[in-house]
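Below is one structure, written out as C-alpha coordinates; the observations come after it.
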Amino acid sequence: MPPNPISLGEFIIREQEKFPNASGDLSKILSSIKAAAKRVNYRILQASLHGNTPLENQKSNIHGENQTSLDVYADRIFIDSSRARREVCALGSEEQDDWIHFSDPEHNQSKYVLLIDPLDGSSNVDVNVSVGTIFSIYKRTSPLGGPAKVQDVLQSGRQQIAAGYILYGSSTMLVMSTGNGVNGFTLDPSMGSFYLSHPNLKYPKSGRIYSVNEGNYEHFPSGIKRLIKHYQTEDPKTNRPFTSRYIGSLVADFHRNLLKGGIYMYPQGTKAPQGKLRLQYECNPIAFLAEQAGGMATDGYSPILDLKPEGLHQRTPFFVGNTEMMEELHQFISNAEK
Ligand code: P6P
(Lines give C-alpha, C1' and ligand atoms only; values in the text may rest on other atoms or scores of the structure.)
Protein backbone atom coordinates (compact mmCIF):
# COMPACT_ATOMS: atom_id res chain seq x y z
CA MET A 1 0.00 0.00 0.00
CA PRO A 2 1.47 3.42 -0.92
CA PRO A 3 2.45 5.64 2.05
CA ASN A 4 -0.05 8.46 2.70
CA PRO A 5 -2.48 7.11 0.06
CA ILE A 6 -4.74 9.47 -1.83
CA SER A 7 -8.47 9.32 -1.17
CA LEU A 8 -10.97 8.04 -3.72
CA GLY A 9 -12.31 11.58 -4.02
CA GLU A 10 -8.86 12.94 -4.91
CA PHE A 11 -8.34 10.07 -7.35
CA ILE A 12 -11.62 10.79 -9.15
CA ILE A 13 -10.67 14.46 -9.51
CA ARG A 14 -7.18 13.59 -10.81
CA GLU A 15 -8.64 11.16 -13.34
CA GLN A 16 -11.07 13.81 -14.56
CA GLU A 17 -8.20 16.29 -14.99
CA LYS A 18 -6.79 13.98 -17.69
CA PHE A 19 -9.85 14.95 -19.79
CA PRO A 20 -9.90 18.79 -19.99
CA ASN A 21 -13.25 18.78 -21.77
CA ALA A 22 -14.90 16.51 -19.22
CA SER A 23 -18.15 17.85 -17.78
CA GLY A 24 -17.50 16.19 -14.45
CA ASP A 25 -20.74 14.19 -14.64
CA LEU A 26 -18.96 10.81 -14.52
CA SER A 27 -17.01 12.01 -11.48
CA LYS A 28 -20.28 12.95 -9.81
CA ILE A 29 -21.75 9.50 -10.49
CA LEU A 30 -18.68 7.79 -9.04
CA SER A 31 -18.85 10.04 -6.00
CA SER A 32 -22.53 9.23 -5.51
CA ILE A 33 -21.72 5.50 -5.71
CA LYS A 34 -18.99 6.04 -3.10
CA ALA A 35 -21.49 7.73 -0.76
CA ALA A 36 -24.17 5.08 -1.35
CA ALA A 37 -21.60 2.35 -0.67
CA LYS A 38 -20.82 3.82 2.73
CA ARG A 39 -24.50 3.80 3.66
CA VAL A 40 -24.98 0.21 2.52
CA ASN A 41 -21.80 -0.79 4.33
CA TYR A 42 -23.04 0.77 7.55
CA ARG A 43 -26.30 -1.18 7.30
CA ILE A 44 -24.56 -4.48 6.52
CA LEU A 45 -22.34 -4.13 9.58
CA GLN A 46 -25.47 -4.03 11.74
CA ALA A 47 -27.51 -6.56 9.76
CA SER A 48 -27.29 -9.33 12.34
CA LEU A 49 -28.45 -6.91 15.02
CA HIS A 50 -31.47 -5.76 13.05
CA GLY A 51 -32.21 -8.82 10.94
CA ASN A 52 -31.54 -9.22 7.27
CA THR A 53 -34.30 -11.78 6.90
CA PRO A 54 -36.42 -12.18 3.80
CA LEU A 55 -39.25 -9.70 4.07
CA GLU A 56 -42.58 -11.07 5.36
CA ASN A 57 -45.05 -11.51 2.45
CA GLN A 58 -42.54 -9.81 0.17
CA LYS A 59 -42.89 -11.08 -3.38
CA SER A 60 -39.63 -12.55 -4.54
CA ASN A 61 -37.76 -10.65 -7.22
CA ILE A 62 -38.09 -11.36 -10.94
CA HIS A 63 -35.56 -14.16 -10.55
CA GLY A 64 -37.69 -15.97 -7.99
CA GLU A 65 -35.17 -15.18 -5.27
CA ASN A 66 -36.35 -14.08 -1.83
CA GLN A 67 -35.54 -10.42 -1.33
CA THR A 68 -33.89 -9.69 1.98
CA SER A 69 -34.45 -6.37 3.73
CA LEU A 70 -30.89 -5.49 2.79
CA ASP A 71 -31.55 -6.18 -0.90
CA VAL A 72 -34.45 -3.76 -0.79
CA TYR A 73 -32.48 -1.21 1.22
CA ALA A 74 -29.44 -1.28 -1.06
CA ASP A 75 -31.64 -1.07 -4.14
CA ARG A 76 -33.45 1.96 -2.76
CA ILE A 77 -30.20 3.68 -1.83
CA PHE A 78 -28.79 3.46 -5.35
CA ILE A 79 -32.06 4.34 -7.08
CA ASP A 80 -32.79 7.32 -4.82
CA SER A 81 -29.16 8.46 -5.11
CA SER A 82 -29.46 8.50 -8.92
CA ARG A 83 -32.89 10.16 -8.89
CA ALA A 84 -31.69 12.89 -6.50
CA ARG A 85 -28.86 13.84 -8.85
CA ARG A 86 -29.00 14.71 -12.50
CA GLU A 87 -26.23 12.70 -14.14
CA VAL A 88 -28.17 9.45 -14.71
CA CYS A 89 -31.26 9.27 -16.97
CA ALA A 90 -31.98 5.54 -16.64
CA LEU A 91 -31.14 2.66 -14.36
CA GLY A 92 -31.38 -1.12 -14.46
CA SER A 93 -31.25 -3.07 -11.21
CA GLU A 94 -31.27 -6.75 -10.37
CA GLU A 95 -33.99 -6.00 -7.84
CA GLN A 96 -36.30 -4.21 -10.29
CA ASP A 97 -38.42 -6.21 -12.74
CA ASP A 98 -38.17 -3.48 -15.35
CA TRP A 99 -35.69 -0.70 -16.09
CA ILE A 100 -36.30 2.73 -14.54
CA HIS A 101 -36.15 6.01 -16.45
CA PHE A 102 -36.27 9.37 -14.73
CA SER A 103 -38.30 11.12 -17.42
CA ASP A 104 -38.47 14.63 -15.99
CA PRO A 105 -37.00 17.49 -18.09
CA GLU A 106 -33.85 17.68 -15.98
CA HIS A 107 -33.06 13.97 -16.23
CA ASN A 108 -33.82 14.00 -19.95
CA GLN A 109 -30.64 16.09 -20.21
CA SER A 110 -28.62 13.43 -18.34
CA LYS A 111 -25.95 11.66 -20.36
CA TYR A 112 -25.36 8.46 -18.37
CA VAL A 113 -27.03 5.15 -17.57
CA LEU A 114 -26.38 3.00 -14.49
CA LEU A 115 -26.76 -0.78 -14.21
CA ILE A 116 -26.44 -2.25 -10.77
CA ASP A 117 -26.63 -5.37 -8.70
CA PRO A 118 -27.22 -3.61 -5.40
CA LEU A 119 -26.28 -6.50 -3.15
CA ASP A 120 -25.00 -9.59 -4.89
CA GLY A 121 -24.92 -12.72 -2.73
CA SER A 122 -27.00 -11.01 -0.04
CA SER A 123 -28.10 -14.29 1.53
CA ASN A 124 -24.49 -14.61 2.72
CA VAL A 125 -24.97 -11.72 5.14
CA ASP A 126 -26.94 -14.02 7.48
CA VAL A 127 -23.81 -16.16 7.91
CA ASN A 128 -21.38 -13.23 7.99
CA VAL A 129 -19.81 -13.96 4.62
CA SER A 130 -18.63 -11.24 2.20
CA VAL A 131 -21.12 -9.74 -0.24
CA GLY A 132 -20.84 -7.11 -2.94
CA THR A 133 -22.38 -4.34 -5.00
CA ILE A 134 -21.61 -4.41 -8.73
CA PHE A 135 -22.04 -1.35 -10.99
CA SER A 136 -21.73 -0.53 -14.65
CA ILE A 137 -21.93 2.89 -16.32
CA TYR A 138 -22.72 3.68 -19.98
CA LYS A 139 -23.37 6.79 -21.99
CA ARG A 140 -26.96 6.88 -23.24
CA THR A 141 -27.48 6.17 -26.94
CA SER A 142 -30.93 7.82 -27.11
CA PRO A 143 -31.08 11.52 -28.09
CA LEU A 144 -30.18 13.95 -25.31
CA GLY A 145 -33.15 16.04 -24.22
CA GLY A 146 -35.68 13.31 -24.76
CA PRO A 147 -36.66 10.41 -22.51
CA ALA A 148 -34.28 7.51 -22.12
CA LYS A 149 -35.02 4.41 -24.21
CA VAL A 150 -34.71 0.73 -23.33
CA GLN A 151 -31.74 0.43 -25.73
CA ASP A 152 -29.83 2.65 -23.31
CA VAL A 153 -29.75 -0.20 -20.77
CA LEU A 154 -29.23 -2.93 -23.39
CA GLN A 155 -25.83 -1.93 -24.69
CA SER A 156 -23.04 -4.49 -25.09
CA GLY A 157 -20.42 -4.51 -22.36
CA ARG A 158 -17.78 -3.22 -24.76
CA GLN A 159 -19.58 0.17 -24.56
CA GLN A 160 -19.08 0.57 -20.82
CA ILE A 161 -17.53 3.85 -19.70
CA ALA A 162 -16.79 2.60 -16.18
CA ALA A 163 -17.48 -0.40 -13.95
CA GLY A 164 -16.63 -1.59 -10.49
CA TYR A 165 -17.70 -3.30 -7.32
CA ILE A 166 -17.82 -2.70 -3.61
CA LEU A 167 -16.69 -5.71 -1.58
CA TYR A 168 -18.15 -5.76 1.93
CA GLY A 169 -15.56 -8.13 3.33
CA SER A 170 -13.04 -8.27 6.17
CA SER A 171 -12.48 -4.73 4.99
CA THR A 172 -14.71 -2.74 2.67
CA MET A 173 -13.18 -2.03 -0.72
CA LEU A 174 -14.27 -0.20 -3.82
CA VAL A 175 -12.55 -1.53 -6.96
CA MET A 176 -13.19 0.25 -10.26
CA SER A 177 -12.02 1.10 -13.72
CA THR A 178 -12.84 3.98 -16.09
CA GLY A 179 -10.97 2.26 -18.89
CA ASN A 180 -7.44 3.10 -17.77
CA GLY A 181 -6.63 0.12 -15.57
CA VAL A 182 -8.12 -1.10 -12.29
CA ASN A 183 -7.63 0.55 -8.90
CA GLY A 184 -8.71 -0.60 -5.44
CA PHE A 185 -9.67 1.65 -2.54
CA THR A 186 -10.08 0.53 1.06
CA LEU A 187 -12.47 2.20 3.47
CA ASP A 188 -10.80 3.60 6.58
CA PRO A 189 -13.68 3.38 9.09
CA SER A 190 -11.97 5.85 11.42
CA MET A 191 -11.99 8.47 8.66
CA GLY A 192 -15.09 7.38 6.75
CA SER A 193 -13.12 7.66 3.51
CA PHE A 194 -11.83 5.25 0.88
CA TYR A 195 -8.07 5.38 0.22
CA LEU A 196 -6.03 4.02 -2.69
CA SER A 197 -4.68 0.71 -1.36
CA HIS A 198 -4.35 -1.39 -4.57
CA PRO A 199 -3.09 0.80 -7.43
CA ASN A 200 -3.06 -0.58 -10.98
CA LEU A 201 -4.38 -4.07 -10.18
CA LYS A 202 -3.32 -6.76 -12.69
CA TYR A 203 -3.96 -10.49 -12.75
CA PRO A 204 -0.83 -12.55 -12.01
CA LYS A 205 0.41 -14.34 -15.15
CA SER A 206 -0.57 -17.74 -13.79
CA GLY A 207 -2.95 -19.03 -11.17
CA ARG A 208 -3.92 -22.21 -9.43
CA ILE A 209 -7.25 -21.34 -7.80
CA TYR A 210 -10.56 -22.42 -9.32
CA SER A 211 -13.95 -21.25 -8.11
CA VAL A 212 -17.05 -23.24 -9.08
CA ASN A 213 -20.01 -24.81 -7.31
CA GLU A 214 -18.93 -28.44 -7.67
CA GLY A 215 -22.32 -29.51 -6.36
CA ASN A 216 -23.53 -28.93 -9.91
CA TYR A 217 -20.73 -31.03 -11.42
CA GLU A 218 -23.07 -33.65 -12.93
CA HIS A 219 -24.83 -30.92 -14.96
CA PHE A 220 -21.70 -29.30 -16.38
CA PRO A 221 -20.67 -29.59 -20.05
CA SER A 222 -18.12 -32.39 -20.55
CA GLY A 223 -15.27 -29.97 -21.28
CA ILE A 224 -15.77 -28.30 -17.87
CA LYS A 225 -15.98 -31.68 -16.14
CA ARG A 226 -12.67 -32.70 -17.74
CA LEU A 227 -11.08 -29.38 -16.79
CA ILE A 228 -12.09 -29.79 -13.13
CA LYS A 229 -10.64 -33.32 -13.08
CA HIS A 230 -7.50 -31.89 -14.69
CA TYR A 231 -7.22 -29.35 -11.88
CA GLN A 232 -7.59 -32.17 -9.32
CA THR A 233 -4.96 -34.46 -10.91
CA GLU A 234 -1.56 -34.73 -9.18
CA ASP A 235 1.22 -33.36 -11.38
CA PRO A 236 4.13 -31.56 -9.66
CA LYS A 237 5.42 -30.27 -12.99
CA THR A 238 2.32 -28.17 -13.46
CA ASN A 239 1.82 -27.47 -9.76
CA ARG A 240 -1.36 -29.57 -9.62
CA PRO A 241 -3.69 -30.30 -7.92
CA PHE A 242 -4.94 -26.74 -7.94
CA THR A 243 -6.85 -25.19 -5.04
CA SER A 244 -10.65 -25.04 -4.95
CA ARG A 245 -12.04 -21.90 -3.36
CA TYR A 246 -15.74 -21.05 -3.68
CA ILE A 247 -17.34 -18.46 -1.41
CA GLY A 248 -20.68 -18.33 -3.21
CA SER A 249 -20.32 -14.58 -3.59
CA LEU A 250 -19.19 -13.50 -7.07
CA VAL A 251 -17.48 -10.29 -5.99
CA ALA A 252 -15.50 -12.02 -3.23
CA ASP A 253 -14.46 -14.94 -5.45
CA PHE A 254 -13.53 -12.63 -8.32
CA HIS A 255 -11.56 -10.29 -6.05
CA ARG A 256 -9.48 -13.09 -4.53
CA ASN A 257 -8.76 -14.60 -7.94
CA LEU A 258 -7.79 -11.18 -9.34
CA LEU A 259 -5.22 -10.70 -6.60
CA LYS A 260 -3.92 -14.29 -6.39
CA GLY A 261 -4.51 -15.62 -9.90
CA GLY A 262 -7.43 -17.90 -10.57
CA ILE A 263 -10.61 -18.63 -12.48
CA TYR A 264 -14.30 -18.31 -11.59
CA MET A 265 -16.80 -20.47 -13.43
CA TYR A 266 -20.58 -20.50 -13.53
CA PRO A 267 -21.26 -22.88 -16.42
CA GLN A 268 -24.56 -23.70 -18.03
CA GLY A 269 -26.24 -26.83 -16.72
CA THR A 270 -29.65 -28.47 -16.64
CA LYS A 271 -30.62 -26.43 -13.56
CA ALA A 272 -29.33 -23.27 -15.26
CA PRO A 273 -29.48 -23.85 -19.02
CA GLN A 274 -28.23 -20.31 -19.74
CA GLY A 275 -26.05 -20.16 -16.63
CA LYS A 276 -27.15 -18.28 -13.51
CA LEU A 277 -25.37 -14.95 -13.66
CA ARG A 278 -26.94 -11.94 -15.35
CA LEU A 279 -25.11 -10.38 -18.26
CA GLN A 280 -25.93 -6.69 -17.79
CA TYR A 281 -25.20 -6.03 -14.13
CA GLU A 282 -23.00 -8.94 -13.04
CA CYS A 283 -21.00 -10.36 -15.95
CA ASN A 284 -20.37 -7.23 -18.06
CA PRO A 285 -18.96 -5.06 -15.24
CA ILE A 286 -16.81 -7.91 -13.90
CA ALA A 287 -15.66 -8.71 -17.45
CA PHE A 288 -14.73 -5.05 -18.01
CA LEU A 289 -12.55 -5.12 -14.90
CA ALA A 290 -11.04 -8.51 -15.82
CA GLU A 291 -9.94 -7.29 -19.27
CA GLN A 292 -8.63 -4.04 -17.80
CA ALA A 293 -6.56 -6.17 -15.39
CA GLY A 294 -5.09 -8.25 -18.24
CA GLY A 295 -7.46 -11.18 -17.86
CA MET A 296 -10.33 -12.63 -19.89
CA ALA A 297 -14.05 -13.20 -19.45
CA THR A 298 -16.12 -15.35 -21.84
CA ASP A 299 -19.24 -17.48 -22.09
CA GLY A 300 -16.91 -20.35 -22.98
CA TYR A 301 -16.71 -19.20 -26.60
CA SER A 302 -17.02 -15.41 -27.01
CA PRO A 303 -15.85 -12.45 -24.94
CA ILE A 304 -18.61 -11.45 -22.53
CA LEU A 305 -18.17 -7.81 -23.55
CA ASP A 306 -19.09 -8.64 -27.15
CA LEU A 307 -22.40 -10.34 -26.34
CA LYS A 308 -25.47 -8.45 -27.52
CA PRO A 309 -28.00 -8.14 -24.70
CA GLU A 310 -31.61 -8.91 -25.62
CA GLY A 311 -33.08 -8.42 -22.15
CA LEU A 312 -32.19 -6.61 -18.93
CA HIS A 313 -32.08 -9.84 -16.89
CA GLN A 314 -30.57 -12.07 -19.53
CA ARG A 315 -28.32 -14.82 -18.13
CA THR A 316 -25.11 -16.21 -19.59
CA PRO A 317 -22.59 -18.91 -18.78
CA PHE A 318 -19.68 -17.04 -17.21
CA PHE A 319 -15.96 -17.80 -17.02
CA VAL A 320 -13.50 -15.16 -15.82
CA GLY A 321 -9.87 -15.30 -14.79
CA ASN A 322 -6.25 -14.80 -15.73
CA THR A 323 -5.55 -15.32 -19.40
CA GLU A 324 -3.45 -18.47 -19.02
CA MET A 325 -6.22 -20.35 -17.17
CA MET A 326 -8.91 -18.99 -19.48
CA GLU A 327 -7.04 -20.15 -22.60
CA GLU A 328 -6.69 -23.61 -21.06
CA LEU A 329 -10.45 -23.63 -20.32
CA HIS A 330 -11.26 -22.78 -23.94
CA GLN A 331 -8.96 -25.60 -25.08
CA PHE A 332 -10.80 -28.10 -22.89
CA ILE A 333 -14.19 -26.91 -24.17
CA SER A 334 -12.99 -27.08 -27.78
CA ASN A 335 -11.41 -30.55 -27.38
CA ALA A 336 -14.56 -31.95 -25.80
CA GLU A 337 -16.57 -30.88 -28.83
CA LYS A 338 -14.31 -32.53 -31.42
P1 P6P B 1 -24.73 -20.90 -6.39
C2 P6P B 1 -25.03 -15.09 -5.60
O3 P6P B 1 -26.42 -15.49 -5.58
C4 P6P B 1 -24.54 -15.31 -7.01
O5 P6P B 1 -25.25 -14.50 -7.90
C6 P6P B 1 -23.05 -15.03 -7.09
O7 P6P B 1 -22.65 -14.00 -6.26
C8 P6P B 1 -22.44 -16.37 -6.69
O9 P6P B 1 -21.16 -16.58 -7.26
C10 P6P B 1 -23.45 -17.37 -7.25
O11 P6P B 1 -24.71 -16.68 -7.35
C12 P6P B 1 -23.64 -18.54 -6.32
O13 P6P B 1 -24.57 -19.41 -6.93
O14 P6P B 1 -25.73 -21.54 -7.35
O15 P6P B 1 -23.37 -21.57 -6.49
O16 P6P B 1 -25.22 -20.80 -4.98
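On the given criteria, is Tyr217 aromatic (Phe, Trp, Tyr), open to solvent by 20 Å² or more (accessible area, probe 1.4 Å) and under 30 Å from Gln16 (Cβ atoms)? Walk me through it before giving the result.
Details: aromatic (Phe, Trp, Tyr): yes; open to solvent by 20 Å² or more (accessible area, probe 1.4 Å): yes; under 30 Å from Gln16 (Cβ atoms): no.
For Tyr217, the condition - aromatic (Phe, Trp, Tyr), open to solvent by 20 Å² or more (accessible area, probe 1.4 Å) and under 30 Å from Gln16 (Cβ atoms) - is not met.
Do we find a residue being within 16 Å of the ligand (Cβ to nearest atom) and more than 22 Å from Asn322 (Cβ to Cβ) anywhere in the range 174-182? Write out each step before concluding.
Of the residues in the range 174-182, the ones within 16 Å of the ligand (Cβ to nearest atom) are 175.
Going one step further and asking which of them are more than 22 Å from Asn322 (Cβ to Cβ), we end up with none.
Within the range 174-182, not a single residue is within 16 Å of the ligand (Cβ to nearest atom) and more than 22 Å from Asn322 (Cβ to Cβ).
I'd like to know if the range 306-329 contains one or more residues that are modelled with pLDDT of 95 or more, in contact with a helix residue (DSSP H, G or I) (Cβ under 6 Å, 6 or more places away or on another chain), more than 13 Å from Met265 (Cβ to Cβ) and open to solvent by less than 10 Å² (accessible area, probe 1.4 Å).
yes
Taking Val182 and the conditions (1) assigned by TED's automatic domain parsing to the domain that holds Ser123; (2) modelled with pLDDT of 95 or more; (3) open to solvent by 40 Å² or more (accessible area, probe 1.4 Å), which numbered condition does it fall short on, given that it satisfies the others?
Only one criterion in (1) assigned by TED's automatic domain parsing to the domain that holds Ser123; (2) modelled with pLDDT of 95 or more; (3) open to solvent by 40 Å² or more (accessible area, probe 1.4 Å) is unmet by Val182, namely (3).
Any chance you could count how many residues in the range 271-304 are within 13 Å of the ligand (Cβ to nearest atom) and over 13 Å from the mean Cα position of the chain (by Cα)?
Looking only at that region, the number is 4.
Could you check how many residues of the range 17-49 are open to solvent by 60 Å² or more (accessible area, probe 1.4 Å) and of a type outside the set (Gly, Ala, Ser)?
12
In the set Pro199, Pro143, Pro118, which member is in a strand (DSSP E or B), open to solvent by 50 Å² or more (accessible area, probe 1.4 Å) and modelled with pLDDT of 95 or more? Steps first, answer last, please.
On the way: Pro143 fails: in a strand (DSSP E or B); Pro118 fails: open to solvent by 50 Å² or more (accessible area, probe 1.4 Å).
Result: Pro199 is the single residue among Pro199, Pro143, Pro118 that is in a strand (DSSP E or B), open to solvent by 50 Å² or more (accessible area, probe 1.4 Å) and modelled with pLDDT of 95 or more.
Can you tell me which residue within the range 229-257, out of those that are in contact (Cβ under 8 Å) with a residue 60 or more places away in the chain and in contact with a strand residue (DSSP E or B) (Cβ under 7 Å, 6 or more places away or on another chain), is surrounded by the fewest Cβ atoms within 10 Å (Cβ to Cβ)? Give the steps one after another, and end with the answer.
Taking the range 229-257 and keeping what is in contact (Cβ under 8 Å) with a residue 60 or more places away in the chain, we get 230, 247-252, 254-255, 257.
Narrowing further to those that are in contact with a strand residue (DSSP E or B) (Cβ under 7 Å, 6 or more places away or on another chain): 249-252, 254-255, 257.
On the way: Ser249: 22, Leu250: 25, Val251: 27, Ala252: 25, Phe254: 27, His255: 24, Asn257: 25.
Ranking the qualifying residues of the range 229-257, first place goes to Ser249.
Among the residues of the range 121-140, how many are among the aromatic types (Phe, Trp, Tyr) and modelled with pLDDT under 95? Spell out the reasoning first.
Taking the range 121-140 as the starting set, the residues that turn out to be among the aromatic types (Phe, Trp, Tyr) are 135, 138.
Then keep just the ones that are modelled with pLDDT under 95; that gives none.
Count: 0.
The values are calculated or read from the model by the stated rules, or taken from the named source; none is laboratory data. From a predicted model like this one, the values you see are computed outputs, not experimental measurements. Here Cβ is always computed from backbone atoms with ideal geometry, including for glycine, and neighbour counts include all displayed protein chains. Heads up: the accessible areas ignore ligands, DNA and RNA and are worked out on the full protein's heavy atoms, side chains in. Shrake-Rupley method; radii C 1.70, N 1.55, O 1.52, S 1.80 Å.
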